[in-house]
Number of protein chains: 2
Amino acid sequence: MRSDTPQIPRLVEVRKNVLKQNDVIARALRERFREAGVLAASLVSSPGSGKTAFLEKILTLLYPRYRVAALVGDLATENDAARLARSRAPVKQIITGTVCHLEAAMIHSALEDWNLNNLDLLFIENVGNLVCPSSYDLGEDLRFVLLSVTEGEDKPLKYPTIFNSADVAIITKSDLAAAVEFDETAAKRNIQAVRPGMQVFKLSAKTGEGLTEFLGFLESRRARPRAAGA
Amino acid sequence: MRSDTPQIPRLVEVRKNVLKQNDVIARALRERFREAGVLAASLVSSPGSGKTAFLEKILTLLYPRYRVAALVGDLATENDAARLARSRAPVKQIITGTVCHLEAAMIHSALEDWNLNNLDLLFIENVGNLVCPSSYDLGEDLRFVLLSVTEGEDKPLKYPTIFNSADVAIITKSDLAAAVEFDETAAKRNIQAVRPGMQVFKLSAKTGEGLTEFLGFLESRRARPRAAGA
């Protein structure tokens with residue numbers, strides 16, 4: 001397919017350098033999160049899978065009990081930060097322009113004036129994209145890939161790389177499952193085909209279905225022993 | 001944001017070369033389509049917006065009256081080609097691997113063993129992505145950007161480039177509009193904010209709502225005078 005585009009190898013080489021540098025910054029971020037005792041979790045999905053609605057709900061539920069904050073990436077607009085701020089948690093928008101993913105350096109810059117010691121949980125909502133974010137480590141402890149019931153059960157098979165880069169899958173908009181004749185068995189089978197053993201949550205930010213279970217999971221991850229002194 | 005990533009300017013320069021070469025191939029494709037009297041239309045959208053369901057429906061409706069065919073791009077799987085083939089129209093899958101968009105060279109290769117003189121309409125379904133496909137001209141006469149009612153009304157504001165690269169917007173899954181409390185006025189206002197004067201169709205591949213109007217539009221575009229001898 002690429003036989004007519006001889007520049008590609010050079011492009012790949014340049015991209016490798018960018019990725020390598022990203023990994024260095026991501027490692028430093030991960031170390032900072034660990035030292036400050038912050039659980040950092042990122043969200044990736046297609047545009048419109050319900051990342052922001054889900055995150056607004058989670059932040060609202062966690063806010064009274066934990067020191068939570070969020071970074072949110074978009075090519076344009078501060079709409080998502082405005083939505084998330086309704087949870088009362090500190091939120092910062094990262095505008096990526098034409099870049100279809102967040103990079104570790106963007107997280108680093110966004111966190112410059114935040115004291116991580118004042119945080120328990122940090123959520124990072126990536127740009128809505130099932131391809132570009134796969135390769136960029138953001139230093140997070142957990143990566144969630146979201147898949148809404150309206151998107152089609154075969155998305156894991158069509159975008160295996162992003163599912164492989166994630167730790168946990170979340171099926172969103174479960175309240176619409178019946179209306180779209182969502183085949184949960186097929187969706188879960190496809191997730192397991194791409195990433196055997198992957199934990200899957202099914203929930204609805206609208207009705208609250210499945211949120212208690214998900215919050216329990218988050219709290220169990222928070223409770224894991226951290227480095228001495230944290 | 002990009003101050004920590006000094007390689008970016010070089011990456012941009014390399015990408016410019018790739019794009020320039022893409023435009024040369026796209027121009028040649030457009031000329032071939034014109035000479036053969038083929039109306040070529042591409043579809044871009046987020047993953048899960050219903051491109052394949054829509055296209056299967058359109059191909060099925062057009063097949064008895066027109067010589068239609070489709071190319072469909074995905075990172076992995078031939079699922080979409082199998083679905084579209086149920087329309088009985090000739091279909092070819094383009095597997096892009098890790099590339100998040102179709103390029104003109106891929107279209108050129110895929111068409112190598114097809115005689116364009118035997119076609120009236122060619123549909124090209126791009127990889128599900130609201131960013132990457134924006135910059136790649138595929139030689140098509142028309143580019144449709146699809147937006148499902150389940151995705152959120154602000155997608156045009158968040159992905160202005162892809163809406164600007166398209167000719168016509170299609171709001172899909174209209175049968176779910178009530179269930180998701182879709183705000184059609186807001187969605188249309190956001191489309192017009194990004195691309196003033198853009199024509200918008202609203203339809204459902206499931207119920208058939210809006211399909212007659214859309215087919216009428218396609219036929220009117222087909223009927224436009226073509227080059228002498230076509």
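The values are calculated or read from the model by the stated rules, or taken from the named source; none is laboratory data. Note that the structure is a prediction, hence the values are computed from the model and not measured. Note: ideal-geometry Cβ built from the backbone for every residue, glycine included; neighbour counts use all protein chains shown. Each accessible area value is taken on the protein alone, full model and side chains, heavy atoms only, with ligands, DNA and RNA left out. Shrake-Rupley method; radii C 1.70, N 1.55, O 1.52, S 1.80 Å.
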What is the number of the single condition among (1) buried (at least 22 other Cβ atoms within 10 Å of the Cβ); (2) at pLDDT below 95 that residue A:221 does not meet? (1)
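Search region B:172-218 for residues being in a strand (DSSP E or B) and not aliphatic (A, V, I, L, M), and hand back the single one that is nearest to residue B:53 (Cα to Cα).
So the first thing to find is which residues in region B:172-218 are in a strand (DSSP E or B), and the list is B:172, B:199-202.
Applying the additional criterion that residues be not aliphatic (A, V, I, L, M) yields B:172, B:199, B:201-202.
Values: B:172: 10, B:199: 21, B:201: 16, B:202: 14 Å.
Out of the qualifying residues, it is B:172.
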In region B:68-78, residue nearest to the other protein chains (Cβ to nearest Cβ) [restricted to those that are open to solvent by less than 10 Å² (accessible area, probe 1.4 Å) and touching a Lys or Arg at 6+ places or on another chain (Cβ under 7 Å)]: B:74
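How many residues are not aliphatic (A, V, I, L, M) and not in a helix (DSSP H, G or I) if we restrict to region B:12-44? Talk me through it step by step, then tell me what you get.
Of all residues in region B:12-44, those not aliphatic (A, V, I, L, M) come to B:13, B:15-17, B:20-23, B:27, B:30-35, B:37, B:42.
Those still in the list that are not in a helix (DSSP H, G or I) too: B:37, B:42.
Here the count works out to 2.
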Region A:129-141 residues that are facing another protein chain (nearest Cβ under 8 Å), paired with ones that are of a type in the set (Lys, Arg) and surrounded by 21 or more Cβ atoms within 10 Å (Cβ to Cβ) (beta carbon under 9 Å, 6 or more apart): A:130/A:155; A:130/A:158
Provide a single number: the residues in region B:102-140 that are of a type in the set (Phe, Trp, Tyr) and open to solvent by less than 10 Å² (accessible area, probe 1.4 Å). 1
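Could you please give the count of residues in region A:79-93 that are closer than 18 Å to residue A:121 by Cα and either among the polar types (S, T, N, Q) or within 8 Å of chain B (Cβ to nearest Cβ) (or both)? Explain how you work it out, then say what you get.
Just the residues of region A:79-93 that are closer than 18 Å to residue A:121 by Cα, to begin with: A:81, A:84-93.
If we keep only those that are either among the polar types (S, T, N, Q) or within 8 Å of chain B (Cβ to nearest Cβ) (or both) as well, we get A:87, A:93.
Result for region A:79-93: 2.
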Which of the residues belonging to region B:186-196 are open to solvent by 30 Å² or more (accessible area, probe 1.4 Å) and either under 19 Å from the mean Cα position of the chain (by Cα) or under 26 Å from residue A:72 (Cα atoms) (or both)? B:188, B:189, B:192, B:193, B:195
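For (1) at positive phi; (2) open to solvent by 10 Å² or more (accessible area, probe 1.4 Å); (3) in contact with a helix residue (DSSP H, G or I) (Cβ under 7 Å, 6 or more places away or on another chain); (4) in a loop (DSSP other than H, G, I, E, B), each residue gets a yes or a no:
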residue	(1), (2), (3), (4)
A:46	no, no, no, yes
A:49	no, no, no, yes
A:54	no, no, no, no
A:59	no, no, yes, no
A:66	no, yes, no, yes
A:87	no, no, yes, yes
A:93	no, yes, yes, no
A:100	no, yes, yes, yes
So how many residues does region A:158-185 have that are buried (at least 20 other Cβ atoms within 10 Å of the Cβ), more than 9 Å from chain B (Cβ to nearest Cβ) and touching a residue at least 40 places away in the same chain (Cβ under 8 Å)? 4
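For region B:132-171, which positions are in a strand (DSSP E or B) and β-branched (Val, Ile, Thr)?
Residues of region B:132-171 in a strand (DSSP E or B): B:142-148, B:168-171.
Correct list: B:145, B:168, B:170, B:171.
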Determine which single condition residue A:199 fails, assuming it passes every other condition in (1) under 29 Å from residue A:60 (Cα atoms); (2) surrounded by 15 or more Cβ atoms within 10 Å (Cβ to Cβ); (3) under 19 Å from the mean Cα position of the chain (by Cα). (2)
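Among the residues in region B:108-116, are any within 14 Å of another protein chain (Cβ to nearest Cβ) and either out of contact with any strand residue (DSSP E or B) (no Cβ under 9 Å at 6 or more places or on another chain) or closer than 23 Å to residue A:99 by Cα (or both)? Give the steps one after another, and end with the answer.
First, the residues of region B:108-116 that are within 14 Å of another protein chain (Cβ to nearest Cβ): B:108-112.
Keeping just the survivors that are either out of contact with any strand residue (DSSP E or B) (no Cβ under 9 Å at 6 or more places or on another chain) or closer than 23 Å to residue A:99 by Cα (or both) gives B:108, B:112.
Yes, the conditions are met somewhere in region B:108-116.
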